[in-house]
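> Encoded as structure tokens, here's the structure I'll be asking about.
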Amino acid sequence: MNTCEETQELIPWYVEGRLGPEESSAVATHLIACAECLREVAATVHVRGSVRDAFSAQPPLPEEAWERVSRQAMGRRLAQLDVGSFLVGLRLGAWLTRRGSPLRADLHVLGREVHLMNRGKKGGAS
Amino acid sequence: MRTERRTDGGEGDERTERALLVRTAEGDESAFRLLYDRLADRVFRYAFTLLHDRHLAEEVAQETMVIVWKQAATFEGRSKVSTWVFGIARFRALDLLRKEKRGDRVPELDLVEPDPAPAVESRERTLRAIGTLPEEQREVVFLTFYEGRSYGEIAGILGIPEGTVKSRMYYARRSLAEALT
Ligand SMILES: [Zn+2]
């Protein structure tokens, strides 16, 4: 049978339901016989509830974070205008935020990129 | 909208996340968006637990997700997808922490508006209690009770032995139980 010490180390994950079947039944067996460890389980249930509540109450990651991630990760291009690209390779691309304000625009002339505008701070807030 | 889902889900969640990561590695942007929705907020909360600074935590969450996009193909499948992602976030957060460290930072955790409602009062008390734990204990508490992770997975994220995870949790739980009763 598990000692009190072994049992108490496992109690958080027992309460969390994250022990394997063997460890879980070893804890359960110990608890039947040990009032002290059973009290620890009750206290841990209380602590877990408060802690989950407190962490959950923290404000979430703002929605705008996705815009920054997609811009950095995929260089998200939300609007693109092809102006006779088959003739002279002229292409105007604009990177927009979801609210529609331009962040960056550049012109591709014969494969060369010409920046027209860049308002977006790299990775920063816009 | 984030629902109160068990954050570290079972095998079904892991299968889904692996499939999304494979498609992300192939450049599938909609798969990446789904992966982002499953992980980014959790990564943010984890980073906040380590850094006590919302802006830095945002930065870490964003950086981590960009790395996931770029490095998706390098995932070797030796751990859960979320364990891999949390490991990246932890590395970035601790790196920032080293750079930002200027004396003892005041935890942002207790900069909560005072509110007389009993539920809020007890929440503040809990946040203060969590805030006084050493960082190494705090993250184990977060990963266990918010993320619902096993001690084995936590050992994987932190790169420490399972026994160390258990003992950190043991002391954290003692302090919290004392502060909250
Ligand atoms: Zn006992």
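> Would the range A:46-54 turn up any residue that is of a type in the set (A, V, I, L, M), free of Cβ contacts under 8 Å to residues at least 24 places away in the same chain, within 13 Å of the ligand (Cβ to nearest atom) and buried (at least 18 other Cβ atoms within 10 Å of the Cβ)? Full working, then the answer.
To start, the set of residues in the range A:46-54 that are of a type in the set (A, V, I, L, M) comprises A:47, A:51, A:54.
Right, trim to free of Cβ contacts under 8 Å to residues at least 24 places away in the same chain and you get A:47, A:51, A:54.
Keeping just the survivors that are within 13 Å of the ligand (Cβ to nearest atom) gives none.
No: zero hits.
> Right, something else. Pick out the one residue from A:E40, A:E9, A:E36 that is within 12 Å of the ligand (Cβ to nearest atom), open to solvent by 40 Å² or more (accessible area, probe 1.4 Å) and within 11 Å of chain B (Cβ to nearest Cβ).
It is A:E9.
> I need a count of the residues in the range A:12-33 that are over 21 Å from A:R52 (Cβ atoms) and either more than 9 Å from the ligand (Cβ to nearest atom) or not aliphatic (A, V, I, L, M) (or both).
Initial filter on the range A:12-33 (over 21 Å from A:R52 (Cβ atoms)): A:20-23, A:25-26, A:28-33.
Remaining after also requiring either more than 9 Å from the ligand (Cβ to nearest atom) or not aliphatic (A, V, I, L, M) (or both): A:20-23, A:25-26, A:28-30, A:32.
Count: 10.
> Looking only at the range A:12-33, which residues are open to solvent by 20 Å² or more (accessible area, probe 1.4 Å) and within 19 Å of B:F145 (Cα to Cα)?
A:Y14, A:V15, A:G17, A:R18, A:L19, A:G20, A:E23, A:S24
> For B:R173, state whether it is buried (at least 20 other Cβ atoms within 10 Å of the Cβ), of a type outside the set (V, I, T) and not in a helix (DSSP H, G or I).
Considered against the rule, which asks whether it is buried (at least 20 other Cβ atoms within 10 Å of the Cβ), of a type outside the set (V, I, T) and not in a helix (DSSP H, G or I), B:R173 comes out as no.
> Could you list all residues from the range A:1-31 that are of a type outside the set (S, T, N, Q) and modelled with pLDDT under 95?
Answer for the range A:1-31, where residues must be of a type outside the set (S, T, N, Q) and modelled with pLDDT under 95: just A:M1.
> Still on this structure, I have one more. Where the second residue is modelled with pLDDT under 95 and the first is of a type in the set (A, V, I, L, M) and lies in the range A:15-33, which pairs have Cβ atoms under 7 Å and are six or more apart or on separate chains?
Here the result reads A:A26/A:N2; A:V27/A:N2, each pair linking the range A:15-33 to a residue that is modelled with pLDDT under 95.
The values are calculated or read from the model by the stated rules, or taken from the named source; none is laboratory data. Just so it is clear, the model here is predicted, and its values are computed rather than measured. Cβ: placed from backbone, ideal geometry, glycine included. Neighbour counts: every protein chain shown. These accessible areas exclude ligands, DNA and RNA; they are computed on the full protein's heavy atoms, side chains included. Shrake-Rupley method; radii C 1.70, N 1.55, O 1.52, S 1.80 Å.
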